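Student: Pasting in a structure now, in structure tokens, and then I'll have a few things to ask.
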Amino acid sequence: MIKRIVILLCMTLLLLIGTLEMYVGAESKEGKYQHIDSYLQNQMEVQAISGLAYAILKEDKIVHIKAFGKADTDISLTVQTPMKLASVSKSFTSLAIMQLVDQGKIDLDASIKQYIPWYRLKNEEAATSITIRHLLNQTSGLPSEVVIGKDLMKRSLEETVRLMKKVDLIHPTGTKFEYSNLNYVSLGLVVEYVTGMQLADYIETQILTPLNMNTSYTSIEEAKKNGLSKDFTSWFGKLLPTKTIMSDMPNFLASGYMVSSVEDMGKYLLMYMNKGTLAGQKLVSEKSIQTLHTPSETAKMYLDDEFFGNYAMGWWQRKVQGTTVIGHSGDLFSAARTDMYIIPEKKIGVVILTNTNTGTFAPGDSHISTDGVISMLLGKEPQVDKTLSFKSYYMIFDMIVVTIFAGLLWYSFRLKRKLVRLNIITKRSMVKTALQIILSIGMVVAGPKLLGVPSWGFLFSVQSDMTCVLLFTLLTVLALGLTKMVWMLLLFNRTQFKIINN
């Protein structure tokens, strides 16, 4: 009897210990994720992010997923809200290529002209030297698409690739890394020529459908019908929905215009973490996954003149606080910043999608937040961003804008008083006014070229508020110059006024 009681007590004690361990473990894990939730919510304030969704993956499942902030001014973001992926889209194109490699339809070391015979650059021989591997590794030597300029707008994928006949290589093929969307646009057309399908159709049928990615889209217009998040950027320190000429460029689907929810991207990343298979669906071979994630020694990447990592194939390899990670980021002007990473030694993955891009010059960078999350998953403290804060930047910027507008207003009133009292016109004043008009027109017409961009529309995408201030200032100076010139010409026609040589 006593023996049975002792055994029963021991079993009860073991059960209590097991339950306690499970409780403590669960509490610890949940506490860890709550800490990350809090960190990211704080980062949304620090980095100026309107809406952020993220997922943490462990081995073969999503272990934590959350969304914060807004998808529109009056709509909350959810884990199923479709969001623009920006350059994370490149991994879909490289995956499509490797699926076709598995099927024996593409050879990575074959020239692109084997699949697109008419493919041309300015230098025909240079075009022949570019292989599929070069395009995937971004070592083809192709420059940024910006060199083609406004001709890229409203083009089909094939028309876009045909425009590359205007392009020269900026490095010999295979010698150096150069990030260019033209590499992946070219690969997108390779997929179309090899399969006979539109790239969008191929991705939908061969990637999205098998993975049950039901809130993912290859068309911005289709995504809009299903609750696509708005694009946010900063206007004088306030985050507002903004539409630019780069909000939708279907011809760049292969490099930057996929749409997905964080829930779907969790499934997508799990497939890579599980050697090309998810829920019984094998999309690509384990060997191809390894190929996609293997960095090229030639493709060394630098950020602000500091070594960043090595590019692989729609993925890159770098270190965060000394630990190797594999992933890719995306930046779409005035629209999105995104990240997708795997931490191989921990068998952990993380996806972070945001619907905000504050521009090239204004602070606010969710990639810093992503590195912070990776650090926390490694059991380390996030590194502190020591650059100028978003609020401080806009305090200075807004003061400059107010000063500019006050100066223009003062000049306008001063000019009005001067014109009312004007009774003598000097050649010097006419020349100065003519120069004011000519220089203003010249800056409006040639400004984008002087700044190294294709158009004012492109510059508006890069930094919307700054572009508006610049254009407003130039047009106001032009308008004031024209007003002054017209007034002087009217006075000149009256006999009681004369021009003197002063």
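The values are calculated or read from the model by the stated rules, or taken from the named source; none is laboratory data. As the structure is a computational prediction, the values presented were derived from the model and not from experiment. All Cβ positions, even for glycine, are placed from backbone atoms using ideal geometry, and neighbour counts span all protein chains on display. Each accessible area value is taken on the protein alone, full model and side chains, heavy atoms only, with ligands, DNA and RNA left out. Shrake-Rupley method; radii C 1.70, N 1.55, O 1.52, S 1.80 Å.
Student: Could you check the range 247-342 for helices (runs of 4 or more DSSP H) lying wholly inside it with 3 or more residues that are not hydrophobic (A, V, I, L, M, F, W, C)?
Tutor: 262-273, 286-293
Student: For I368, are the conditions met, namely being of a type in the set (V, I, T) and either within 30 Å of Y33 (Cβ to Cβ) or surrounded by 15 or more Cβ atoms within 10 Å (Cβ to Cβ) (or both)? Before the answer, list the steps.
Tutor: On the way: of a type in the set (V, I, T): yes; either within 30 Å of Y33 (Cβ to Cβ) or surrounded by 15 or more Cβ atoms within 10 Å (Cβ to Cβ) (or both): yes.
The answer is yes for I368.
Student: Can you name the residue in the range 390-429 that is more than 30 Å from V46 (Cβ to Cβ) and of a type in the set (D, E, K, R) and, of all such residues, is most open to solvent (accessible area, probe 1.4 Å)?
Tutor: Here is the first cut: in the range 390-429, the residues more than 30 Å from V46 (Cβ to Cβ) are 406-429.
This time we only want the ones that are of a type in the set (D, E, K, R), so: 414, 416-418, 421, 427-428.
Working: R414: 108, K416: 134, R417: 128, K418: 107, R421: 181, K427: 116, R428: 161 Å².
Step by step, filter the range 390-429, then rank; the result is R421.
Student: Any chance you could count how many residues in the range 308-361 are out of contact with any helix residue (DSSP H, G or I) (no Cβ under 8 Å at 6 or more places or on another chain) and polar (S, T, N, Q)?
Tutor: First pass over the range 308-361, keeping only residues out of contact with any helix residue (DSSP H, G or I) (no Cβ under 8 Å at 6 or more places or on another chain): 308-310, 316, 318-319, 322, 327, 344-345, 355, 357.
Next, only the ones that are polar (S, T, N, Q) stay: 310, 355, 357.
Counting residues in the range 308-361 that are out of contact with any helix residue (DSSP H, G or I) (no Cβ under 8 Å at 6 or more places or on another chain) and polar (S, T, N, Q) gives 3.
Student: Okay, moving on. Starting from the range 214-242, take each residue that is open to solvent by 40 Å² or more (accessible area, probe 1.4 Å) and list its partners that are aromatic (F, W, Y) and assigned to a loop (DSSP other than H, G, I, E, B), counting only C-beta distances under 9 angstrom and pairs at least six apart or across chains.
Tutor: Filtered contacts from the range 214-242: S219/Y257.
Student: Please indicate, with yes or no, whether at least one residue in the range 468-483 is surrounded by 15 or more Cβ atoms within 10 Å (Cβ to Cβ) and modelled with pLDDT under 85.
Tutor: Our first condition is that a residue be surrounded by 15 or more Cβ atoms within 10 Å (Cβ to Cβ); within the range 468-483, this holds for 468-471, 473-474, 476-478, 480-483.
Now narrow it down to the ones that are modelled with pLDDT under 85: none.
No: zero hits.
Student: Right, next: Take the residues in the range 149-184 that are open to solvent by less than 20 Å² (accessible area, probe 1.4 Å) and not in a helix (DSSP H, G or I), then tell me which one is modelled with the highest pLDDT.
Tutor: Filtering first and then ranking leaves S180.
Student: Look through I75, I97 and report the one residue that is modelled with pLDDT of 95 or more, over 18 Å from the mean Cα position of the chain (by Cα) and surrounded by 20 or more Cβ atoms within 10 Å (Cβ to Cβ).
Tutor: Values: I75 fails: surrounded by 20 or more Cβ atoms within 10 Å (Cβ to Cβ).
Of I75, I97, the one residue that is modelled with pLDDT of 95 or more, over 18 Å from the mean Cα position of the chain (by Cα) and surrounded by 20 or more Cβ atoms within 10 Å (Cβ to Cβ) is I97.
Student: Here is a follow-up. Take the residues in the range 121-147 that are hydrophobic (A, V, I, L, M, F, W, C) and without any contact (Cβ under 8 Å) to a residue 60 or more places away in the chain, then tell me which one is surrounded by the fewest Cβ atoms within 10 Å (Cβ to Cβ).
Tutor: Here is the first cut: in the range 121-147, the residues hydrophobic (A, V, I, L, M, F, W, C) are 121, 126-127, 130, 132, 135-136, 142, 146-147.
Now narrow it down to the ones that are without any contact (Cβ under 8 Å) to a residue 60 or more places away in the chain: 121, 126-127, 130, 132, 135, 142, 147.
Details: L121: 21, A126: 18, A127: 22, I130: 23, I132: 24, L135: 26, L142: 28, V147: 15.
For the range 121-147, the residue satisfying everything is V147.
Student: Which of the residues that make up the range 369-426 are within 30 Å of M485 (Cα to Cα) and in contact (Cβ under 8 Å) with a residue 60 or more places away in the chain?
Tutor: Just the residues of the range 369-426 that are within 30 Å of M485 (Cα to Cα), to begin with: 400-426.
Matches in the range 369-426: V401, I404, L408, Y411, S412, L415, L419, L422, N423, I424, I425, T426.
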